Amino acid sequence: MAESGKAGHRAVVVGVGSIGERHLRCFKATGRVEAGFVEINPALRKTIAERYSVGPLAFDSLDAALAHKLDGGGFNVGVVCTPAPYHLPIASQMLRAGMHVLIEKPLSTSLDGVDDLRKEIERSGKTVGVAYVLRTIPSLAAMRQAILSGRFGRPVEVLVASGQHFPFFRPAYRDIYYKDRKTGGGAIQDAITHMVNAVEWIVGPADRLIADAAHLVLEGVTVEDTVHVVTRHGGVMGCLTLNQHQMANETSITVNCTGGTVRWEIVNNRWRWTTRPDEPWHDEDFPPAERDTHFINQAHAFLDAVEGKRPVLCTFDEGVQTLKVNLAMLASSDAPPWRNVN
């Protein structure tokens, strides 16, 4: 993908596994950054440096990256793409170095350090966002705006159905962070967290839930690959399901309102609506987009926020709220309040 324009920022991506490499590629594609990265694996560091012509901006530690000076100064933007337990301390180090920080999801695997990082954010005055990429997708944003406008009345119920064949899309899942909950793995922290964050963006934060999760299919791991969760968002009831083994790659979010029903379909890149029981769906179609497009949009949006042109797409506090939902789902699924049917 060709770069355009003149680089005005200096960004460093920490960790260039699958998602980190994508962030590096997509931040470079904006044409607005001079980009480098940190990677502790020497072989991977060499491969990525050569693949993206990064040259001397490939580092073996964050300390080395922060000590490096480019034309105009050091790095001013950091993107945290390590396993989730390291997100908060790395973000804190970046903030102390005077950087704006985009943190990959989930924000962490526990609430330890959250309050300390919040204080660091307030002290620094820097821009911090959490990379829940669904918020960059125009069709979902358009549906959300239509709901918030009151066009369909008050939301009362939200339904999510999501699934894909993980071994096809992420064949290395057995060898990466995904295999262990402690490193942010499993379907709750890796996948349904995206759906939770999107739902909270649309109808507000969840305040209670009941979850069921299990390992049903995926070979070579023991973490859950299937999740069902019932949520309450104030007066809105929610039901979210996700699996990582079905053959069809599909995700839909349906919101039933007092004056209509709306549905977002990611594969079809559209949202739909109907306001009468005797009428068909009305489709609002959007142009097809490559997956990188959403991450390039996310990079542009974060750089715009750094420049004061717009708010961040997902704030630190919104990321903390979704983290709390992740933890509640994990706890609930490990000790579900089953009732026997006699």
Notebook entry, point to check: Has segment 253-272 got any residue that is in a loop (DSSP other than H, G, I, E, B), of a type in the set (D, E, K, R) and at pLDDT 95 or above?
Noted result: no
Notebook entry, point to check: If you check Lys179 against the conditions, is it at pLDDT 95 or above, of a type outside the set (Val, Ile, Thr) and not assigned by TED's automatic domain parsing to the domain that holds Cys81?
Noted result: yes
Checklist line | Subset of segment 245-268 that is out of contact with any strand residue (DSSP E or B) (no Cβ under 7 Å at 6 or more places or on another chain) and among the polar types (S, T, N, Q) - its residue that is surrounded by the fewest Cβ atoms within 10 Å (Cβ to Cβ) | finding: Asn249
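Filtering segment 285-304 down to residues that are aromatic (Phe, Trp, Tyr) and in contact with a Lys or Arg (Cβ under 7 Å, 6 or more places away or on another chain), which residue is surrounded by the fewest Cβ atoms within 10 Å (Cβ to Cβ)?
Within segment 285-304, the first condition is being aromatic (Phe, Trp, Tyr), and the residues that meet it are 286, 295, 302.
Adding the requirement that they be in contact with a Lys or Arg (Cβ under 7 Å, 6 or more places away or on another chain) leaves 286, 295.
Working: Phe286: 15, Phe295: 20.
If we take residues in segment 285-304 being aromatic (Phe, Trp, Tyr) and in contact with a Lys or Arg (Cβ under 7 Å, 6 or more places away or on another chain), then Phe286 is surrounded by the fewest Cβ atoms within 10 Å (Cβ to Cβ).
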Next item on the list: Select from segment 35-75 the residues that are closer than 20 Å to Gly98 by Cβ and buried (at least 20 other Cβ atoms within 10 Å of the Cβ) and list them in ascending order.
Entry: Ala35, Gly36, Phe37, Val38, Leu57, Phe59, Leu62, Ala65, Leu66, Phe75
Check: Does any residue of segment 102-113 turn out to be more than 21 Å from the chain's Cα centre (by Cα) and either modelled with pLDDT of 95 or more or surrounded by 22 or more Cβ atoms within 10 Å (Cβ to Cβ) (or both)?
Finding: no
Margin query: Every residue in segment 1-33 that is under 14 Å from Arg291 (Cα atoms) and modelled with pLDDT under 90, please.
Written below: Met1, Ser18
Next item on the list: Determine the pairs where a residue that is among the aromatic types (Phe, Trp, Tyr), located within segment 64-81, has a partner that is part of a loop (DSSP other than H, G, I, E, B) with Cβ atoms under 7 Å apart, the partner being 6 or more residues away or on another chain.
Entry: Phe75/Met99
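For residues in segment 269-284 being free of Cβ contacts under 8 Å to residues at least 60 places away in the same chain and over 21 Å from Val156 (Cβ atoms), which is surrounded by the most Cβ atoms within 10 Å (Cβ to Cβ)?
Here the answer is Asp283.
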Notebook entry, point to check: Does Val312 satisfy the condition of being in contact with a helix residue (DSSP H, G or I) (Cβ under 8 Å, 6 or more places away or on another chain) and surrounded by 20 or more Cβ atoms within 10 Å (Cβ to Cβ)?
Noted result: yes
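The values are calculated or read from the model by the stated rules, or taken from the named source; none is laboratory data. As the structure is a prediction and not an experimental result, all values here were calculated from the model. Please note: Cβ atoms are built from the backbone with ideal geometry, for glycine as well, and neighbour counts cover all protein chains shown.
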